[in-house]
Amino acid sequence: MQSVCHCCDWIRHHYGHLSAEYLSLLDQMGGDITKQDAPVFFPTSLYRHIDDAEFEDQVRFLKETIYQITKLFDGNMKSVTWDKKNLDDFLNILERQLENLNSCVSPSMKPERRLKRYFKKLNRKVLRKMNYSAQAWELIRKETKRHLQRLDILAAQMY
């Protein structure tokens, strides 16, 4: 595990750059973001709670959220009509962000249970219930963008 100072520097100088890259790719890989709402409420209260948490807990939350997003995108994507190169680049940069955050978080730190439950519910009520359809993936893309934008705000407030 890297020192807290190193993590501060990395988050301050690199997190935003990678985040801007994957948010841009998320927009470019498909058409307009759907206006349809997901059948799972966005966990606003979790983000409000983490805004006031200790630095280490915030880093863990960043890592855990990105990890949960990568797990979502590991599903059956046959019906997706997105630009393949942009999708691959998006996932690779997200993975890079996750690796860097992993090096900042102690493996003994437990993930946020409510966050994990939210993503399980998103998987169950959107992807599985809608049979991994193109429409389901568009809802996932929309929710992913909301999370990544909110993580950007959190990271900017950390220093």
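The values are calculated or read from the model by the stated rules, or taken from the named source; none is laboratory data. Predicted model, so just to flag it, every value in this text is computed and none were measured. Note that each Cβ is placed from the backbone with ideal geometry, even for glycine, and that neighbours are counted across all protein chains shown. All accessible areas refer to the heavy atoms of the entire protein, side chains included, with ligands and DNA or RNA removed. Shrake-Rupley method; radii C 1.70, N 1.55, O 1.52, S 1.80 Å.
A few notes on this one:
- Surface accessible to a 1.4 Å probe, per residue, for the residues of the range 1-110, Å²: 55 Å²
- With N as its number of residues, the range 87-159 has a Cα radius of gyration that, divided by 2.2 N^0.38 Å, comes to 1.27.
- Equivalent ellipsoid semi-axes - Cα gyration tensor, the range 50-120, angstrom: 26, 14, 9
- Relative intensity, log₁₀ I(q)/I(0), of the range 117-159 from a Debye sum that treats every alpha carbon as a point, q = 0.17, 0.18, 0.19, 0.33 Å⁻¹: -0.52, -0.56, -0.60, -1.05
- The range 54-150: trypsin sites (Lys or Arg not before Pro) falling in loop per DSSP and having at most 16 other Cβ within 10 Å: 78, 129
- Degrees between helix 16-28 axis and first principal axis of the chain (Cα, 0 to 90, nearest 10): 0 degrees
- Relative to the longest principal axis of the Cα atoms of the chain, the long axis of helix 113-122 makes an angle of roughly 20 degrees.
- Calculated mean residue ellipticity, 222 nm, the chain: -20000 deg cm²/dmol, from DSSP H runs (n ≥ 4) at -39500 (n - 2.57) each, averaged per residue and rounded to 500.
- Matching label, log10 I(q)/I(0) by the Debye sum over Cα atoms at q = 0.08, 0.13 Å⁻¹ computed from the structure shown, candidates [x] -0.28, -0.64; [y] -0.22, -0.59; [z] -0.29, -0.73: [y]
- Nonpolar atom fraction for the range 1-126, defined as the carbon and sulfur part of the 1.4 Å probe accessible area, stands at 49 percent.
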